[in-house]
Amino acid sequence: MHLAFAARQSYRDTVTVLTLEELVAQTPPNTPWLGLDLGEKTIGVAASDATRIIASPLQLIRKTKFTDDANAVLKLMDGRNASGLVIGLPLNMDGTEGPRAQSCRAFARNLQRLREVPVTFQDERLSTTAVERFLIDELDLTRKRRSDVVDRTAAAWILQGALDRLNG
């Protein structure tokens with residue numbers, strides 16, 4: 001099931017997960033996408049530019065309850081005229097899905113119950129590790145400062161990975 005995140009799949013007939021190519025086809029050109037890094041306590045949010053070339057960290061949403069979290073994501077989408085979501089899917093190192101991946105799929109499913117939003121998943125294995133290494137090695141950020149930026153930077157890493165696949 002290593003490439004399961006890339007294949008079009010329906011879950012309980014309420015959410016359709018698109019491939020990256022289908023996301024392109026189902027979203028208007030010259031509109032940005034948002035990237036999400038769904039953590040246990042926070043949601044890191046990143047946004048692409050309208051040309052879908054560059055991803056930038058945007059915001060950190062501190063999780064409270066699902067409806068509030070989803071409405072915060074939808075409000076950011078509306079405010080940026082974003083037409084789709086790229087959600088990080090935390091696969092295990094062997095490519096299988098564990099509880100965290102199932103939680104991400106549940107978030108997408110429940111979000112689409114509120115509003116139909118084009119969604120694709122991007123393999124996010126080691127994204128947080130890579131981002132933390134960059135923040136330490138390149139920017140020499142303290143632990144406190146890293147905790148403030150790591151999730152939204154990981155969201156940008158996830159979104160940039162999808163954009164690079166698209167444009168590569």
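The values are calculated or read from the model by the stated rules, or taken from the named source; none is laboratory data. Here the structure is a predicted model, which is why all the values come from computation and not from measurement. Counting neighbours? That spans all protein chains shown, and the Cβs are built from the backbone with ideal geometry, glycine included. Note: accessible area is taken over every heavy atom of the protein model, side chains too, but ligands, DNA and RNA are not part of it. Shrake-Rupley method; radii C 1.70, N 1.55, O 1.52, S 1.80 Å.
Whenever you get a sec, line up S103, S48 from highest to lowest accessible area (probe 1.4 Å, protein heavy atoms). Can you show the working numbers first?
On the way: S103 65, S48 10 Å².
Descending order: S103, S48.
Under the convention that each Lys and Arg Cβ holds +1 and each Asp and Glu Cβ holds -1, the size of the dipole of region 11-99 around its Cα centre is about 380 debye.
Tell me whether region 18-109 comes out rounded, prolate or oblate; compute the Cα gyration tensor, take square roots of the eigenvalues as a ≥ b ≥ c, and use a/c under 1.5 as the rounded threshold. Mind showing how you got there, number by number?
Working: a/c = 1.87, a/b = 1.24, b/c = 1.50.
Because a/c hits 1.5 or more and a/b fails to exceed b/c, region 18-109 counts as oblate.
Using the per-residue mean of other Cβ atoms lying within 10 Å as a proxy for protection, in what order, highest first, do the peptides 65-75, 156-166 fall? Please report the intermediate quantities before stating the final value.
Details: 65-75: 14.9, 156-166: 21.5.
Peptide ranking by packing, descending: 156-166, 65-75.
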